[in-house]
1. Could you quote the convex hull projected area for the protein assembly as shown, Cα atoms only and averaged over all directions, in nm²?
2. In Å², what does the accessible area per residue of the stretch A:47-153 work out to with a 1.4 Å probe?
3. I'd like to know how the stretch B:18-66 sits against the 2.2 N^0.38 Å rule of thumb: what's its Cα Rg over that expected value?
4. For the stretch A:120-192, what size does the Cα cloud have along each of its three principal axes, sorted from largest down, in whole Å?
5. Accessible area lost on pairing A with B, both sides, 1.4 Å probe, Å² to nearest 100?
6. How large is ³J(HN,Hα) for each residue in the stretch A:14-22, as worked out from phi by the Karplus curve 6.51 cos²θ - 1.76 cosθ + 1.60 (θ = phi - 60°), to whole Hz, x for Gly and Pro?
7. Excluding same-chain residues fewer than 8 positions from A:Lys244, which aspartates and glutamates have a Cα within less than 16 Å of its Cα?
8. Sum -39500 (n - 2.57) across every DSSP H segment of at least 4 residues in chain A, then divide by the residue count to get the 222 nm mean residue ellipticity, nearest 500.
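The values are calculated or read from the model by the stated rules, or taken from the named source; none is laboratory data. For clarity, every value in this text was computed on a predicted model and none was experimentally measured. Heavy atoms of the whole protein, side chains included, go into the accessibility calculation; ligands, DNA and RNA do not. Shrake-Rupley method; radii C 1.70, N 1.55, O 1.52, S 1.80 Å.
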Amino acid sequence: MKTPEHIEDSPLIIGNKTFTSRFLLGTGKFKSKKDLSDAIKSSGTQMVTVALRRIDLEHHEDNIIEYIPKDITLLTNTSGARNADEAIRIARLAKHTGCGNWIKIEVINDTKYLLPDNNETIKATEVLAAEGFIVLPYMYPDLYAARALVKAGAAAIMPLGSCIGTNKGLKAKEFIQIIVDEIDEVPIIVDAGIGAPSQAAEAMEMGVDAVLANTAIATAGQPAYLARAFAQAIEAGRLAYLSKLPPVQKTAAPSSPLTGFLYDEHNAVTN
Amino acid sequence: MNVHLNGKSRQFDDVKTLYDLIRQNIKNSAFIVAEMNGEIIGRDQWPNKFINDGDKVELVSPVAGG
């Protein structure tokens, strides 16, 4: 008998690494380094994102890396990049910080909706993958772009659920589902807009391989609690996906046997 | 000597190399990457990279981000 203690699941493999956690945590917007540190521990995450910035020489700040356990994979994003060239420059700088060669490509040239530019993202992916980076591009959920990113050497595809920081959940659900159904070569990770554990579970039930969340957790009253809730929801959603969820039905179907004895056969009501 | 450091023009009189410049301005140089006139300079090259008047230097490090 298959029990939840004997789940048959394939591991999440990205690039050259195998992950048991399917929860990627962003480190931005936490009120304190302690909140971040607690959330990392509570989440069980094995990969966190960081960004790169020019050092403020007037105001000394602790280095973020000191608050991240050494066994956690660092995924440096290219936030601030407005085109492929800027993303490539950030990635090359990141490699020299000692944070490794895992890059989340994020090319955004729109300040209102913060939508990623798929064309520039594909260009940057091609260059950086050829240079040996493990490239995880953040993208607008478009099947053609997803295919181009795979061809360009992406190690995973990261479609947005909804706009960054909105907590709106899977507004792009149908288009993410198409990518999940059609792209088998690399993992699909939903990134951006996931504002509650229920939304993360919904993404995992669809067959998404992992979820990246940041704003919701960082800005919650108790970030560590929500980080744990997300982890549990992601696990639950994965298990539901593996269970092969039954389809939605148009009309009601009884879940109890019809009583039979209450009515004569000729006037029985089938409810 | 005038160096354009992290977007600001600054005066340094006792700086010879990139290593000197970083040591004078940064407490902890772990996880720092240096770019000089648009070229990334590896950590092992900092002591050999001489600073000239008008050089443009960027010092960058990881920060929190999503």
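1. 22.3 nm²
2. Details: 5040 Å² over 107 residues.
Each residue of the stretch A:47-153 exposes 47 Å² on average to a 1.4 Å probe.
3. Here the answer is 1.15, to two decimals.
4. On the principal axes, the stretch A:120-192 reaches 36, 25, 17 Å in Cα extent.
5. The buried area between A and B, both sides summed, comes to about 2300 Å².
6. Residue by residue, the stretch A:14-22 yields 10, x, 9, 10, 10, 10, 8, 8, 10 Hz.
7. List returned: A:Glu8, A:Asp9, A:Asp181, A:Glu202, A:Glu205, A:Asp209, A:Glu235.
8. So the calculated ellipticity at 222 nm is -10500 deg cm²/dmol.
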